[in-house]
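A.B. asks: What follows is a structure written as structure tokens; I'll ask about it next.
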2 protein chains.
Amino acid sequence: MSLFSFCQNAENAGFSKKTCIFPPVVIEYIRSFFIKESIMNYLNCSAEELEREYQSLKNKYDEEKAKGLNLNMARGKPGKEQLDLSNGILDVFTSESNFIGDDGVDIRNYGILDGIYECRKMFGQVLGVDSENVMIGGNSSLNMMFDTISCMMTKPIVEGCDAWYKVENRKFLCPSPGYDRHFGITGYYGFEMIPIPMTENGPDMDMIEELVANDDSIKGIWCVPKYSNPQGITYSDETVRRFANLKPAAKDFRIIWDNAYCIHDITDTPDSLLNIYDECKKAGNEDLPILFCSTSKITFPGAGVAAMAASKNNMKVFKERYNYQIISYDKMNMLRHVQYFGDYNGMLEHMKKHKAVLKPKFDIVLNALASELEPVGIGEWTKPNGGYFVSIDVLEGTAKRVVQLCKEAGVVLTGAGATYPYGKDPKDSNIRLAPTFPPNDELVTAMEIFCICAKLAACEKLLQK
Amino acid sequence: MSLFSFCQNAENAGFSKKTCIFPPVVIEYIRSFFIKESIMNYLNCSAEELEREYQSLKNKYDEEKAKGLNLNMARGKPGKEQLDLSNGILDVFTSESNFIGDDGVDIRNYGILDGIYECRKMFGQVLGVDSENVMIGGNSSLNMMFDTISCMMTKPIVEGCDAWYKVENRKFLCPSPGYDRHFGITGYYGFEMIPIPMTENGPDMDMIEELVANDDSIKGIWCVPKYSNPQGITYSDETVRRFANLKPAAKDFRIIWDNAYCIHDITDTPDSLLNIYDECKKAGNEDLPILFCSTSKITFPGAGVAAMAASKNNMKVFKERYNYQIISYDKMNMLRHVQYFGDYNGMLEHMKKHKAVLKPKFDIVLNALASELEPVGIGEWTKPNGGYFVSIDVLEGTAKRVVQLCKEAGVVLTGAGATYPYGKDPKDSNIRLAPTFPPNDELVTAMEIFCICAKLAACEKLLQK
């Protein structure tokens, strides 16, 4: 029995809505009581009850399927409303503009390998490092991460170490669930990928400390330290400090610190992340982290600006490569971004507009999960203060089935398992929900269908159908 | 005696200019007669004559040096006047524009790994291939070439072959003089680079055919087939056909066909280049070439669009990598370029404007060489119909000295030797002149100084100073 049905029953039984106003804490108590004790908690149901629920869900599902919908919650793509927020950036330059930046160079021409000064300065603030540690890239931080790993594959980042290509049993740590495209890069380069469980404070640091201390073939770890993909977890101060104080057996172990959602809050109670670079300096470990970010989810995913930062030692090796790889990235787009925002504070102001668009979308997702799945006891999910995803663990062994059911009913989700290395979720339970792209009305429908599918798959599983 | 002095003497001796109008062919005959027979041809001079010339040049040089100039003919950079030609591209998009391209995708967002259709179509015409063989990149074809070599370093382009990293004695053919940044890439990746002499028809094909047929550790060759860098030579039809019919011992041998100057004519008698891709298909060698081009010298070097093309087999391997490397390159800049030009013909029309700017610059260089160096017999240079450079061979053993003298007098040239692998010009005679960047008045001065330096260095050498 759902809380809603309970209240309806109670009302039918004579309780008026007016006499039934409790303070929120009481409501929450009643709600969790009913969730735990509900006879409709699938895990406590009889086979008959489940069979009835299954038939009812199946009917609803078939109705939805018949509509021939085409909805997409697969990727962390900004929606049209978000893209429109940045259209003004296209008015920054016209044929009449001045094209000389702070370096005194015509930005239309070749030159300035590490990016124009004003852009390095702004991204230095985003990443919490000096501008001299920053290098600006093209439109994709993923590309810079790929190039960074590529670099270390064929050139040692530390003199005396082997290039990673030569390390036959090379390994990489992968906090999981995590970002599929991270795992894709180390998969492409033949690393054995070791999943590290995530906790509410970030990856399991006990496990990481022990692994890296004893195995010099472990060469790095993928991190999305703030509003992690997909869980929206922000690493605790202690986690950041423990990262900064790692003592890896491999001298060329590197932390890939992908701060993709560094200023991407969606609530009024945003998380804060300790500055990894400062902590590493304190610990005498300045060469450990390599930081990344981009404006893909600030301006345009297809036409933004990406940046990386690292110690002087690291950047020397990367820049030697970049020096052969390119003459300069798109300086016009760099200056376009700087002039559009004015400065870092302008960028933060701009993010408030995204927040205003995204908050209702996350509410749609979280409300649907709370009203539909919480009562039947078959899911656990995160309630992030920022980022791009809600991560849900559906009933163990049903994630693939849920994604398949959704797909057949016209709702595309991120593939089940995608959040784990090799695409293998050992429990087959994690699904990444990406609420940003669909318009709100479509998102409501998509979430209705998702919840039906999650419940339907759970019934099937429990009934061993 | 220079032709000018001869004419002046003749005039003083009673010949009026009016009575002295000969058809061009006669003028040319007289000119070459005087060049061959000139008593001032350094190679025929007495030590005394040379010493007088040396002193006179030294005085001129010191005068120029005292001016403290700061001129640059080092890189193939478009000048301001050329950059201004494309400013209109910045008016293509405003905040009010429509951002849906032919693929039906919002170009501001993620997606379309190989680039938007209309852009692939346009670059297909530039490269002479079907749009389906084209992939669009960021702002740099050098970057795409680097990534292409990087790809083959760690993944075999042909199943069963070793990744090049594993081939310890890997080699690459380098037509020389050539493009220093090409050699930089294969140098970075530890290839032994084998210089291939250039002829007026392109690289020495006899040598190439023999080398590749007998050594399977030779993995590729760098080519700038039209208006080659630095000589401005366009490969003859026979050369292209011989390339297309190569039978390399290495199954994974690839021709890097950098068509950087494919539509970059500077005279009214442009060269034409046979379509390598068509010829390779005819020869059953479709997988042999990988083609590159960009708009760096069409719109903006700092904010253009690059493209590559290759067979389906090759692209499958490259795209697998790109799929992990990036989600999509800057589609907004792709559509900006397509809309600005309208189509390929619009691009060709645009190139006529560049030609109008560049022709006078090349004339300044060629006229200076003809009037100053030809008479004294110490240089040989190319007279290209397009491209970005004039390549000159100064007196053997003096190129480094000429570049140094120029530098000390405030004229920066491409480093001597840069046009050869490892920066080693065996004859120390080749210098690349890049006339495009300086304003015309500066170019005149720079060429005056260059000619003084070339002559001064020659006198020093001949006098064994």
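The values are calculated or read from the model by the stated rules, or taken from the named source; none is laboratory data. What you see is a predicted model, and the numbers here were worked out from it, not measured in a lab. Here the Cβ positions follow ideal geometry from the backbone for every residue, glycine too, while neighbour counts run over all protein chains shown.
A.B. asks: Which numbered condition trips up B:Gly415, out of (1) assigned to a loop (DSSP other than H, G, I, E, B); (2) crowded, with 20+ Cβ neighbours inside 10 Å; (3) under 18 Å from the mean Cα position of the chain (by Cα)?
C.D. replies: Single failed check for B:Gly415: (2).
A.B. asks: Report whether or not B:Gly417 is at positive phi and out of contact with any strand residue (DSSP E or B) (no Cβ under 9 Å at 6 or more places or on another chain). So that I can check it myself, show each step before the final result.
C.D. replies: Details: at positive phi: yes; out of contact with any strand residue (DSSP E or B) (no Cβ under 9 Å at 6 or more places or on another chain): no.
So B:Gly417 does not fit the description; no.
A.B. asks: Right, another one. Pull up the range A:266-305, narrow it to residues that are of a type in the set (Ser, Thr, Tyr) and touching a residue at least 60 places away in the same chain (Cβ under 8 Å), then point me to the one that is farthest from the other protein chains (Cβ to nearest Cβ).
C.D. replies: Of the residues in the range A:266-305, the ones of a type in the set (Ser, Thr, Tyr) are A:267, A:269, A:272, A:277, A:294-296, A:299.
Then drop every residue that is not touching a residue at least 60 places away in the same chain (Cβ under 8 Å), which leaves A:267, A:269, A:277, A:294, A:296, A:299.
On the way: A:Thr267: 24, A:Thr269: 29, A:Tyr277: 25, A:Ser294: 11, A:Ser296: 8, A:Thr299: 8 Å.
Within the range A:266-305, the match that is farthest from the other protein chains (Cβ to nearest Cβ) is A:Thr269.
A.B. asks: Further question on the same structure: If we keep just the residues of the range A:321-351 that are within 14 Å of chain B (Cβ to nearest Cβ) and among the β-branched types (Val, Ile, Thr), which is surrounded by the fewest Cβ atoms within 10 Å (Cβ to Cβ)?
C.D. replies: Result: A:Ile327.
A.B. asks: Does the range B:362-374 contain at least one residue that is among the charged types (D, E, K, R), surrounded by fewer than 23 Cβ atoms within 10 Å (Cβ to Cβ) and in contact with a helix residue (DSSP H, G or I) (Cβ under 8 Å, 6 or more places away or on another chain)?
C.D. replies: Checked against the condition, which is being among the charged types (D, E, K, R), surrounded by fewer than 23 Cβ atoms within 10 Å (Cβ to Cβ) and in contact with a helix residue (DSSP H, G or I) (Cβ under 8 Å, 6 or more places away or on another chain), the range B:362-374 yields at least one hit.
A.B. asks: Oh, and also: Look at B:Ala409 and say whether it is of a type in the set (A, V, I, L, M, F, W, C), touching a strand residue (DSSP E or B) at 6+ places or on another chain (Cβ under 8 Å) and outside the structural domain of B:Gln231 (by TED's automatic domain parsing).
C.D. replies: Numbers: of a type in the set (A, V, I, L, M, F, W, C): yes; touching a strand residue (DSSP E or B) at 6+ places or on another chain (Cβ under 8 Å): no; outside the structural domain of B:Gln231 (by TED's automatic domain parsing): yes.
In short, no.
A.B. asks: Would you check if there is a residue in the range A:66-88 being on the phi > 0 side of the Ramachandran plot, touching a residue at least 12 places away in the same chain (Cβ under 8 Å) and assigned to a loop (DSSP other than H, G, I, E, B)? Give the steps one after another, and end with the answer.
C.D. replies: Kept after step one, since they are on the phi > 0 side of the Ramachandran plot, are these residues of the range A:66-88: A:68.
This time we only want the ones that are touching a residue at least 12 places away in the same chain (Cβ under 8 Å), so: A:68.
Now narrow it down to the ones that are assigned to a loop (DSSP other than H, G, I, E, B): A:68.
Yes: one or more hits.
Condition check ((1) more than 13 Å from chain B (Cβ to nearest Cβ); (2) without any contact (Cβ under 8 Å) to a residue 24 or more places away in the chain; (3) touching a Gly at 6+ places or on another chain (Cβ under 8 Å)) across all residues:
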{"position": "A:Glu168", "(1), (2), (3)": "no, yes, no"}
{"position": "A:Ile185", "(1), (2), (3)": "no, no, no"}
{"position": "A:Gly202", "(1), (2), (3)": "yes, no, no"}
{"position": "A:Lys219", "(1), (2), (3)": "yes, no, no"}
{"position": "A:Lys226", "(1), (2), (3)": "yes, no, yes"}
{"position": "A:Glu238", "(1), (2), (3)": "yes, no, no"}
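A.B. asks: Follow-up question, since we're still on this one. Looking at A:Ile449, is it part of a strand (DSSP E or B) and outside the structural domain of A:Asp180 (by TED's automatic domain parsing)?
C.D. replies: Here the answer is no, as A:Ile449 does not meet what is asked.
A.B. asks: Can you find, within the range A:187-204, the residue that is surrounded by the most Cβ atoms within 10 Å (Cβ to Cβ) among those that are touching a Ser or Thr at 6+ places or on another chain (Cβ under 8 Å) and either more than 12 Å from A:Gly232 (Cα to Cα) or among the hydrophobic types (A, V, I, L, M, F, W, C) (or both)?
C.D. replies: A:Pro203
A.B. asks: Please work out which one of (1) at pLDDT below 95; (2) loosely packed, with under 15 Cβ neighbours inside 10 Å; (3) not in a helix (DSSP H, G or I) is the condition B:Met40 fails and give its number.
C.D. replies: That leaves (2) as the condition not met.
A.B. asks: A:Ile378 versus (1) at pLDDT 95 or above; (2) assigned to a loop (DSSP other than H, G, I, E, B); (3) among the hydrophobic types (A, V, I, L, M, F, W, C): which is the lone unmet condition?
C.D. replies: (1)
A.B. asks: Something else now. Which numbered condition trips up B:Ser176, out of (1) touching a residue at least 60 places away in the same chain (Cβ under 8 Å); (2) under 28 Å from A:Gly302 (Cα atoms)?
C.D. replies: (2)
A.B. asks: Which ones in the range A:206-228 are assigned to a strand (DSSP E or B) and over 20 Å from A:Phe389 (Cα atoms)?
C.D. replies: Pass one, the range A:206-228, residues assigned to a strand (DSSP E or B): A:218-223.
Those that are assigned to a strand (DSSP E or B) and over 20 Å from A:Phe389 (Cα atoms): A:Ile218, A:Lys219, A:Gly220, A:Ile221.
A.B. asks: Those residues that are under 17 Å from A:Ala418 (Cβ atoms) and either buried (at least 19 other Cβ atoms within 10 Å of the Cβ) or in contact with a strand residue (DSSP E or B) (Cβ under 6 Å, 6 or more places away or on another chain) (or both), I need them from the range A:173-186; list them, please.
C.D. replies: Residues satisfying the conditions are A:Cys174, A:Pro175, A:Ser176, A:Pro177, A:Gly178, A:Tyr179, A:Asp180, A:Arg181, A:His182, A:Phe183, A:Ile185, A:Thr186.
A.B. asks: A further question follows. Can you name the condition, by its number, that A:Ser311 falls short on among (1) within 14 Å of chain B (Cβ to nearest Cβ); (2) hydroxyl-bearing (Ser, Thr, Tyr); (3) surrounded by fewer than 19 Cβ atoms within 10 Å (Cβ to Cβ)?
C.D. replies: (1)
A.B. asks: Further question on the same structure: Residues of the range A:97-121 being out of contact with any Gly (no Cβ under 9 Å at 6 or more places or on another chain) and more than 8 Å from chain B (Cβ to nearest Cβ), which ones?
C.D. replies: Scanning the range A:97-121 gives A:Asn98, A:Ile100, A:Gly101, A:Asp102, A:Gly104, A:Leu113, A:Asp114, A:Arg120, A:Lys121.
A.B. asks: Within the range A:58-79, can you find the residues that are within 14 Å of chain B (Cβ to nearest Cβ) and surrounded by 14 or more Cβ atoms within 10 Å (Cβ to Cβ)? Can you show your working first?
C.D. replies: Residues of the range A:58-79 that are within 14 Å of chain B (Cβ to nearest Cβ), as a first pass: A:70, A:72, A:74-79.
Selection gives A:Asn72, A:Ala74, A:Arg75, A:Gly76, A:Lys77, A:Pro78, A:Gly79.
A.B. asks: Assess whether B:Tyr110 counts as being in contact with a helix residue (DSSP H, G or I) (Cβ under 8 Å, 6 or more places away or on another chain), under 30 Å from A:Asn87 (Cα atoms) and at pLDDT 95 or above. It would help to see each step written out before you state the result.
C.D. replies: Working: in contact with a helix residue (DSSP H, G or I) (Cβ under 8 Å, 6 or more places away or on another chain): no; under 30 Å from A:Asn87 (Cα atoms): yes; at pLDDT 95 or above: yes.
Against the criterion (in contact with a helix residue (DSSP H, G or I) (Cβ under 8 Å, 6 or more places away or on another chain), under 30 Å from A:Asn87 (Cα atoms) and at pLDDT 95 or above), B:Tyr110 does not qualify.
A.B. asks: Which residue, of B:Val357, B:Val338, B:Val365, is among the β-branched types (Val, Ile, Thr), closer than 15 Å to B:Leu433 by Cβ and at pLDDT 95 or above? Working first, answer last.
C.D. replies: On the way: B:Val357 fails: closer than 15 Å to B:Leu433 by Cβ; B:Val338 fails: closer than 15 Å to B:Leu433 by Cβ.
The match here is B:Val365.
A.B. asks: Given the structure, is A:Met153 within 14 Å of another protein chain (Cβ to nearest Cβ), free of Cβ contacts under 8 Å to residues at least 40 places away in the same chain and either touching a helix residue (DSSP H, G or I) at 6+ places or on another chain (Cβ under 8 Å) or buried (at least 20 other Cβ atoms within 10 Å of the Cβ) (or both)?
C.D. replies: Details: within 14 Å of another protein chain (Cβ to nearest Cβ): yes; free of Cβ contacts under 8 Å to residues at least 40 places away in the same chain: yes; either touching a helix residue (DSSP H, G or I) at 6+ places or on another chain (Cβ under 8 Å) or buried (at least 20 other Cβ atoms within 10 Å of the Cβ) (or both): yes.
Answer is yes for this residue.
A.B. asks: Taking the conditions exactly as written (of a type in the set (D, E, K, R) and either under 25 Å from A:Pro203 (Cα atoms) or touching a Gly at 6+ places or on another chain (Cβ under 9 Å) (or both)), does A:Asp162 satisfy them or not? Talk me through it step by step, then tell me what you get.
C.D. replies: Working: of a type in the set (D, E, K, R): yes; either under 25 Å from A:Pro203 (Cα atoms) or touching a Gly at 6+ places or on another chain (Cβ under 9 Å) (or both): no.
In short, no.
A.B. asks: With the requirement that a residue be buried (at least 22 other Cβ atoms within 10 Å of the Cβ) and small (Gly, Ala, Ser), what does the range A:393-412 give you?
C.D. replies: Correct list: A:Ala399, A:Ala409.
A.B. asks: Restricting attention to the range A:80-96, which residues are more than 7 Å from chain B (Cβ to nearest Cβ), surrounded by 15 or more Cβ atoms within 10 Å (Cβ to Cβ) and more than 27 Å from A:Asn229 (Cβ to Cβ)?
C.D. replies: Of everything in the range A:80-96, just one residue is more than 7 Å from chain B (Cβ to nearest Cβ), surrounded by 15 or more Cβ atoms within 10 Å (Cβ to Cβ) and more than 27 Å from A:Asn229 (Cβ to Cβ), namely A:Val92.
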